[in-house]
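Just below is one structure, and these are the notes that go with it.
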Amino acid sequence: MYGSISIEDAGRAAETEAKPDWLGELRRCVGDEKVDVGFKSRMEHSSDRIPFGRFRRRSGFLTGSLPSAIVEVDSIDDIQKVMSFAQEQNVPIIPYGLGSGVLGGTVPFNGEIILDLSHMNRGVAIDEENFVAVVDAGVCGAELEKALNARKMTCGHYPQSLSMSTIGGWAACRGSGQASSRYGSIENMVVGLKVVLPNGRLLNVRHSPRRSVGPSIIEMFLGSEGTLGVIVEVTMRIWRLPQHTCGQVVKFRTLKEGIAAIKQLMQAELRPTLARLYDQPESIVWEGESLPNDTCAVILMLEFAGDEKVAQAEFEVALAICGENQGVVTASSALNRWKEKRYQSHSDEFVKGGGFYDTIEIAAPWSVQSDMYDEIRREVSKRHGAIANVTAHWSHAYSDGACMYMTVKIQKIDDATGLKVHAEIWDTAMRICSEMGGTISHHHGIGYFRGNWLAKELNEGFAILHGLKDFIDPANVLNPGKLGLTQES
């Protein structure tokens with residue numbers, strides 16, 4: 001059962017267990033120094049940052065099980081050898097970057113080999129004429145941004161996990177960064193891709209600004225979460241660092257007015273670097289003071305960047321739109337605090353103290369945003385209001401809708417109760433989102449934890465996804481059981 005193996009029992013078993021029959025062949029395949037079967041390394045690679053796993057580890061349990069071995073690859077040739085080996089030996093493989101995922105996408109369940117890609121990090125080739133960067137999949141996001149900044153450029157992709165996630169992970173999980181309303185999400189940035197397929201062959205989709213050569217092969221692998229191939233190289237669009245930045249905090253009396261302002265702003269074809277709207281509980285956290293219910297109840301952090309004249313003009317139009325929706329310009333202290341903490345985890349202290357903390361990001365059309373927020377909070381409060389609460393902010397906006405990013409907090413309580421409430425809140429959010437026409441994931445992906453809800457959303461598309469998996473990976477050696485696909489596939 002998920003999370004039922006104690007770390008203590010796993011440690012004892014690791015001391016006496018027989019080594020896999022195929023271990024010697026694996027060592028010969030890639031080199032003895034690249035294969036690690038030590039308990040410490042297997043423990044470190046036995047989970048990502050899925051909150052459920054953090055809760056279980058806090059209580060002395062594994063998230064799933066221990067992997068059989070860790071292979072630290074540092075070349076495409078290594079990965080091709082490992083994939084060919086996996087096919088011959090029928091051993092499942094899980095691609096692993098830096099383990100920043102939050103939905104169990106790299107959790108082993110059946111003695112899989114972890115393919116550690118973090119050493120695939122030597123290549124960042126910046127092409128300033130064509131404004132692209134060719135990047136090894138294991139390069140950390142912060143290192144890519146540092147290399148680009150040195151050339152007065154940026155990748156435009158700033159997830160909260162920037163310093164602990166890889167470019168390959170961004171692509172594999174179809175991620176979105178904090179400035180997505182200006183630069184787009186990862187699918188708008190990736191213009192070339194190299195992928196090692198389950199049969200060990202290398203797929204190379206070379207850079208092109210756009211194609212019309214049938215369905216997008218790149219899109220097949222963006223969001224595939226390591227189930228269809230191992231992403232080994234990514235070609236991304238890049239941008240100049242902005243000359244000018246202008247930002248402001250705007251207060252609104254009601255959440256509906258704030259949502260209406262962002263909707264109007266995006267439909268006016270503006271491109272904010274930031275348009276972060278917080279509900280009242282989260283606004284109070286960032287403001288550091290109570291916001292009276294009868295005046296301004298929520299805050300919007302607004303920022304524009306780019307050429308000074310263009311950015312300033314867009315900023316002024318945005319402020320006018322906010323004014324039309326009863327927004328009031330206020331001090332920028334909350335925006336400045338957010339910038340200081342934008343890449344920090346906000347959950348560690350709460351979880352260490354015994355609480356249960358999680359985030360759920362969904363997306364929906366503007367027409368249902370307010371009602372969806374109210375319905376989810378109403379049902380959670382009705383069932384679990386004594387020990388749990390849900391708050392939200394909106395941080396990725398489009399002309400047709402937005403992402404609602406919910407934070408779930410359950411007070412310190414015994415595991416049996418806490419985990420049950422946690423599961424019920426997830427089920428509530430997924431069900432209401434689906435019923436009201438939203439999507440169950442905006443940018444965190446599916447992993448293992450969201451798998452049960454995917455078939456309903458994709459309807460006939462889920463059978464197509466299954467068929468694609470069966471065709472590309474008939475032996476089901478790549479990350480079995482993830483992306484809503486069964487272990488047997």
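The values are calculated or read from the model by the stated rules, or taken from the named source; none is laboratory data. As the structure is a computational prediction, the values presented were derived from the model and not from experiment. Glycine gets a Cβ as well: all are built from the backbone with ideal geometry, and neighbour counts include every protein chain shown. Ligands, DNA and RNA are stripped out before the accessible areas are found, and what is left, the full protein with its side chains, is counted by its heavy atoms. Shrake-Rupley method; radii C 1.70, N 1.55, O 1.52, S 1.80 Å.
Observations on the structure shown:
- Based on Cα contacts under 8 Å between residues 6+ apart, the range 74-228 shows a relative contact order of 21 percent.
- Pairs of Cα atoms farther than 18 Å apart, the range 335-379, %: 56
- Calculated P(r) of the range 53-191 - Cα pairs past 17 Å, %: 65
- Accessible-area ranking of 157, 466, largest first, probe 1.4 Å: 466, 157
- Bridgeable lysines around residue 456 (alpha carbons under 29 Å apart, same-chain partners fewer than 8 residues away excluded): 263, 382, 409, 420, 469, 482.
- Ranking 45, 4, 73 by Cα position along the charge dipole of the range 1-73, where only Lys, Arg, Asp and Glu carry charges on their C-beta atoms, puts 4 farthest toward the positive end.
- Note on residue 339: lysines with a C-alpha under 19 Å away, same-chain residues under 8 apart excluded, are 146, 251.
- Rounded FRET efficiency, nearest 0.05, which uses the C-beta distance separating residue 152 from residue 308 and R0 of 25 Å: 0.95
- For GluC sites (Glu not before Pro), the sites in the range 192-282 that DSSP calls loop and that have at most 14 other Cβ atoms within 10 Å are 269.
- As an equivalent ellipsoid, the chain spans semi-axes of 38, 28, 20 angstrom, where each value is the square root of five times an eigenvalue of the C-alpha gyration tensor, largest first.
- Cα-Cα P(r), the range 236-328, percent of pairs per 5 Å interval: 3, 15, 25, 21, 16, 11, 7, 2, 1, 0
- Accessible surface ranking that places the most exposed of 127, 414 first, with a 1.4 angstrom probe: 414, 127
- Kirkwood hydrodynamic radius of the range 134-187, Cα pairs, Å: 11.0
- Taking amide hydrogens as placed 1.01 Å from N in the peptide plane, the amide H of residue 191 sits under 5 Å from those of 235, 236, 237, each at least 5 positions away in sequence or on another chain.
- Alpha carbon centroid spacing (whole Å) that separates the range 144-223 from the range 316-360: 26
- Residue-level accessible surface for residue 478, protein heavy atoms, 1.4 Å, Å²: 0
- Of the GluC sites (Glu not before Pro) in the range 93-156, the ones in a loop by DSSP (not H, G, I, E or B) with at most 16 other beta carbons within 10 Å are 128, 129.
- For the range 447-489, the spherically averaged projection of the C-alpha convex hull amounts to 2.7 nm².
- Within the range 423-489, GluC sites (Glu not before Pro) in DSSP loop having at most 16 other beta-carbon neighbours inside 10 Å: 488
- Note on surface exposure: 197, 335 rank 197, 335 by accessible area, highest first, 1.4 Å probe.
- The solvent-accessible area of residue 16, taken with every protein chain present and a 1.4 Å probe, is close to 120 Å².
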